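Take a look at the structure set out below.
The values are calculated or read from the model by the stated rules, or taken from the named source; none is laboratory data. Keep in mind that what you see is a predicted model, and the values were worked out from it rather than measured. Positions of Cβ are backbone-derived with ideal geometry, glycine not excepted, and every protein chain shown enters the neighbour counts. What goes into the accessible areas is simple: the full protein's heavy atoms, side chains included, and nothing from ligands, DNA or RNA. Shrake-Rupley method; radii C 1.70, N 1.55, O 1.52, S 1.80 Å.
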Amino acid sequence: MTRLFAILAATVAVGGMSAAWYVTQTRDVDQFAQCRSSQVAGGAAAIGGPFELVNAAGETVTHSDVITEPTLVYFGYTFCPDICPMDLARNADAVDVLAENGQSVTPVFISIDPTRDTPEVVGDFAFNLHEKMIGLTGSQEQVKAASKAYKTYYKKQGDDPDYYLMDHSIFTYLVLPEHGFLEFFRREDMPEQMAEKVSCFVENA
């Protein structure tokens, strides 16, 4: 009988370990795996995070004030001759497609050129692209910190104090308030493709 009890005890112990392993593995499964189409070095947690910037009204706001629902974040500047307006217009179209499907998403534009992009300039620029778009600027330090959080790149080109261009990265980031950064979109992604991916993340959140 002693040997029988020992065998039963070992079986229970192994079963318990297996159950614990299963629970751990299940907990670690990515709930958005079916939605992802890109890989981020260091994982999604390596991108995004807190920021403090200035909105169109001249008010200092944080990420918590801005990202209150699924949000598409883009870094650019208002003097940009072509890429930024095109990308932001595409983001606005994606927001409209999602709205038609009953999903509310906020487009956000963060300037990487605070010298020229005052709160009023950024606000007008964003509103002209979409009535929901939030335009943000700030001090050089605030903008640099936000850019660093999202792993973006920007650099001033030329010496003219007024008519210079900015070299910068051109990704759009999907951020959910309860999950943080989840996905990025490239220039070639069309509004319908973006909307489909965003919808997948929202529905699985």
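Where residues in the range 46-99 are outside any strand (DSSP E or B), closer than 21 Å to residue 168 by Cβ and polar (S, T, N, Q), which of them is nearest to the chain's Cα centre (by Cα)? Here the answer is 91. Number of residues in the range 94-118 that are within 22 Å of residue 163 (Cα to Cα) and open to solvent by less than 40 Å² (accessible area, probe 1.4 Å): the value is 7.
Just so you know, in the range 164-205 the residues that are of a type in the set (Lys, Arg) and out of contact with any helix residue (DSSP H, G or I) (no Cβ under 7 Å at 6 or more places or on another chain) include one that is surrounded by the most Cβ atoms within 10 Å (Cβ to Cβ), and it is 197. When you scan the range 82-92, do you find a residue that is at pLDDT below 95 and either over 20 Å from residue 156 (Cβ atoms) or out of contact with any Cys (no Cβ under 7 Å at 6 or more places or on another chain) (or both), even just one? Yes, that holds for at least one residue.
Note on the range 108-155: residues that are closer than 28 Å to residue 43 by Cα, in contact (Cβ under 8 Å) with a residue 24 or more places away in the chain and assigned to a helix (DSSP H, G or I) amount to 7. Candidates are the residues of the range 30-42 that are open to solvent by less than 30 Å² (accessible area, probe 1.4 Å) and not polar (S, T, N, Q); the one that is nearest to residue 194 (Cα to Cα) is 35.
I'd like to verify a number: residues in the range 177-205 that are out of contact with any strand residue (DSSP E or B) (no Cβ under 7 Å at 6 or more places or on another chain), over 20 Å from residue 101 (Cα atoms) and not charged (D, E, K, R), how many? Number satisfying all stated conditions: 3.
Taken together, the residues in the range 48-77 that are surrounded by 19 or more Cβ atoms within 10 Å (Cβ to Cβ) and under 18 Å from residue 179 (Cβ atoms) amount to 9. Taken over the range 78-88, residues that are open to solvent by less than 60 Å² (accessible area, probe 1.4 Å) and over 21 Å from residue 120 (Cβ atoms) amount to 2.
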